[in-house]
């Protein structure tokens, strides 16, 4: 027999008993709170909070690390994880480690933040000067009032900002500039300039030859083979001289 709803409702009301609650206070704002005895027993820290904001402000667990004072702005802050506790934020870290440097390329004085010290080592003020710093100086002559530079491959760069074949910050390869002046026209993109004597800094007109890519590649490969053959011959000559020296004066040991 299934009991009716009224009987179940009356029985449920008879079984309801008043639940004892314990009054506690919020650890942050000290507001009185009502908690069950089981909740109080499960709480191992002894801290209760009225909201999540209060819990974030104080912390749900007792702190074992002391608060620190920022060395830059003086703000009191908490240390989390592996933080050494010297600065309260990355902004204070960068500001405290920032220093005034002088750019090695343009001579401009600038402030280098701490986060960029590893990138440019505080030697250049920006990417343009850092790119130009890769160029090797020391040619010892000027062109259009600016120094002739040498790039990492050994070619010379001259200052020709008005030339349509210039690139970057107005620089242009000197051997292509001389060859175009000699021919009286602009060089095509597929035309390459070859140094006859192999010296990339010798850009005299008689030392330059304008070739197509295939011919330039064949000449370069053949010259490379000739250089290797000459080096091998020189090695054999030195080995022969060394053997004669040992026969005459004995072993070096």
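Residues in the stretch 50-85 that are more than 30 Å from residue 31 (Cβ to Cβ), at pLDDT below 80 and surrounded by 11 or more Cβ atoms within 10 Å (Cβ to Cβ): 83, 85.
With respect to being surrounded by fewer than 16 Cβ atoms within 10 Å (Cβ to Cβ), modelled with pLDDT of 75 or more, over 30 Å from the mean Cα position of the chain (by Cα) and at positive phi, residue 145 fits the description. So is residue 155 at pLDDT 75 or above, surrounded by 12 or more Cβ atoms within 10 Å (Cβ to Cβ) and more than 26 Å from residue 71 (Cβ to Cβ) or not? So residue 155 passes the test. The strands (runs of 3 or more DSSP E) located wholly in the stretch 160-253 that include 2 or more residues which are in contact (Cβ under 8 Å) with a residue 12 or more places away in the chain and touching a helix residue (DSSP H, G or I) at 6+ places or on another chain (Cβ under 9 Å) occupy 192-195, 208-211. When residue 110 is tested against (1) out of contact with any strand residue (DSSP E or B) (no Cβ under 9 Å at 6 or more places or on another chain); (2) modelled with pLDDT under 90; (3) surrounded by 12 or more Cβ atoms within 10 Å (Cβ to Cβ), just one condition goes unmet, and that condition is (1). Residues in the stretch 172-189 that are modelled with pLDDT under 90 and crowded, with 20+ Cβ neighbours inside 10 Å: there are none.
When the criteria are applied in full, residue 192 meets the requirement of being within 39 Å of the chain's Cα centre (by Cα) and either surrounded by 13 or more Cβ atoms within 10 Å (Cβ to Cβ) or over 30 Å from residue 106 (Cβ atoms) (or both). Confirm whether residue 160 is within 29 Å of residue 201 (Cβ to Cβ), at pLDDT 80 or above and surrounded by 15 or more Cβ atoms within 10 Å (Cβ to Cβ). Judged against the criteria, residue 160 is a match.
The values are calculated or read from the model by the stated rules, or taken from the named source; none is laboratory data. Everything numeric in this text was worked out from a predicted model, so none of it was measured. Here the Cβ is made from the backbone with ideal geometry for all residues, glycine too, and neighbour counts use every protein chain on show.
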